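The values are calculated or read from the model by the stated rules, or taken from the named source; none is laboratory data. Keep in mind it's a predicted model, so treat the numbers as computed, not measured. Because the Cβ atoms are built from the backbone with ideal geometry, glycine has one as well, and the counts that use them run over all protein chains shown.
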Amino acid sequence: MGDSTDEVGLSPFVPMEGAPRMISKLRQRLAHEESGFTLIELLVVIIILGILLAIAIPSYLSFKDRANQSAAKANVRAAVPAVEAYNADNTGTANSAGYAGMTVSGLQTYDSAIVPAKLTIQSATSLTYCIQSTVGPATWKKAGPG
């Protein structure tokens with residue numbers, strides 16, 4: 001084979017036309033000890049950061065909403081045993097009040113971990129109750145008994 005092709009018939013690698021000029025400019029920058037970033041490099045970094053933020057912010061907000069919902073649910077679930085204990089203490093007598101008259105501060109006598117700022121009693125009759133917890137924008141309610 002007298003020409004400059006390999007066995008497959010492809011010509012050898014030829015660099016891009018602008019490559020020698022780009023390399024020479026890079027060498028000039030290094031020779032003159034120029035430091036800093038070009039405008040193109042800065043724009044690329046800004047675009048990459050924008051893409052990452054576009055992905056990260058919705059994920060963070062979704063995570064925060066789920067955390068608030070879980071916290072509200074946990075507050076209500078933690079209060080249910082105290083509510084039932086209150087009912088047990090106020091049922092079976094001549095003046096049976098059941099759940100009626102129940103207050104959050106009254107529930108603390110049954111469970112000191114209950115935080116009044118995190119729990120509200122929506123309604124309480126002699127036979128039923130409804131408690132609610134709000135954490136951020138998330139609200140969780142439990143009606144009972146049951």
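Here are a few things to note about the model shown:
- Residue match in region 86-98 (condition: in contact (Cβ under 8 Å) with a residue 12 or more places away in the chain, exposed (fewer than 13 other Cβ atoms within 10 Å of the Cβ) and more than 29 Å from the chain's Cα centre (by Cα)): yes
- Odd one out for Val44, checked against (1) within 29 Å of the chain's Cα centre (by Cα); (2) surrounded by 12 or more Cβ atoms within 10 Å (Cβ to Cβ); (3) more than 30 Å from Leu26 (Cβ to Cβ): (3)
- Scan of region 57-71 for residues that are surrounded by fewer than 16 Cβ atoms within 10 Å (Cβ to Cβ), small (Gly, Ala, Ser) and within 16 Å of Trp140 (Cβ to Cβ), ordered by number: Ala67, Ser70
- When Ala54, Ala74, Ala117, Ala82 are checked against the criterion of being buried (at least 16 other Cβ atoms within 10 Å of the Cβ), part of a helix (DSSP H, G or I) and among the hydrophobic types (A, V, I, L, M, F, W, C), a single residue qualifies: Ala82.
- In this entry, Asp111 is excluded by the filter for residues that are among the acidic types (Asp, Glu), within 30 Å of Ala143 (Cβ to Cβ), modelled with pLDDT of 90 or more and under 40 Å from the mean Cα position of the chain (by Cα).
- Residue count for region 120-146 under the criterion of being under 24 Å from the mean Cα position of the chain (by Cα) and part of a strand (DSSP E or B): the result is 8.
- Considering (1) at pLDDT 90 or above; (2) touching a helix residue (DSSP H, G or I) at 6+ places or on another chain (Cβ under 9 Å), the lone condition that Cys130 does not fulfil carries the number (2).
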